[in-house]
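Structure first, then comments.
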Amino acid sequence: MQDLTEKARQIRLVIFDVDGVLTDGSLFFGDDGQEYKAFNSKDGHGIRMLLENGIEAAIITGRESNVVTHRMNNLGIPHVLQGRREKLPAYEEIKDLTGFDDNEIAYVGDDVIDLPVMKRVALAITVHDAHPYVKQHAHWQTPSGGGHGAARDVCEMILDAKGLLPAILESYLQ
């Protein structure tokens, strides 16, 4: 656990996959072809806590969706790369945009498409209901499933490792 805490303490950027991480992986389509996704508000608040405490967030997702654009704008996530089934080039693009090195980045994924990036980052995280092969290659697995608080688990674990979480939580009692 100390190794995990030390890795988490160094993180300055968390990159999230969307389907299966920020959602439960379900895809809903209306009769008109419009795509719908359900996001967890606790996950969103966790991401806001990261951003408010100087830890950046980014998105790499294999699908393209207007609802993802809208949700990430709502959360204030500046780097949102959609339609990127080849995630490693997208990862390199985010590194170029942010200036962070591999040892300052965490990635949260759930499926085999995420493995190339997970193998590069300092802290590879997967969700509780991830593919079994992905779980074998993660440094940490969230207690919650994708779309059900997993991103909040990640945010709080990193903030706690940095010694920031107690004061953040206490601030809500003011």
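The values are calculated or read from the model by the stated rules, or taken from the named source; none is laboratory data. Predicted, not measured: the structure shown is a model, and the values here were computed from it. Quick reminder, even Gly has a Cβ in these numbers, built from the backbone with ideal geometry, and neighbours come from all protein chains shown. Ligands, DNA and RNA are stripped out before the accessible areas are found, and what is left, the full protein with its side chains, is counted by its heavy atoms. Shrake-Rupley method; radii C 1.70, N 1.55, O 1.52, S 1.80 Å.
Points worth noting:
- Per residue value of the accessible surface for segment 1-172 (all protein chains in place, 1.4 Å probe), Å²: 48 Å²
- Amide H to amide H distances under 5 Å link LEU22 with GLY147, where only residues 5 or more positions off or on other chains count and H is placed in the peptide plane.
- Take each peptide in 18-26, 106-114, count the other Cβ atoms within 10 Å of every residue, and average; sorted highest first, the result is 106-114, 18-26.
- Share of carbon and sulfur in the accessible heavy-atom surface of the chain [1.4 Å probe, %]: 47 percent
- Two tests apply to each whole DSSP H helix in the chain, Cα reach of 24 Å or more along its axis and mean Kyte-Doolittle hydropathy of at least 0.0, and none passes both.
- Spin-label pair GLN136/GLN174, simplified geometry with 7 Å Cα→Cβ offset, distance in nm: 4.8 nm
- Stokes-Einstein translational diffusion, segment 1-172 - Kirkwood Rh over all Cα pairs, 1.306 mPa s, 10 °C, in µm²/s: 100 µm²/s
- Heavy atoms of HIS137 accessible to a 1.4 Å probe, total area in Å² rounded to 10: 60 Å²
- Of ASP17, ASP160, the order by accessible heavy-atom surface (1.4 Å probe, DNA, RNA and ligands excluded), from most exposed downward, is ASP160, ASP17.
- Selection from VAL80, TYR91, MET49, by position along the positive dipole direction of segment 1-172 (Cβ): MET49
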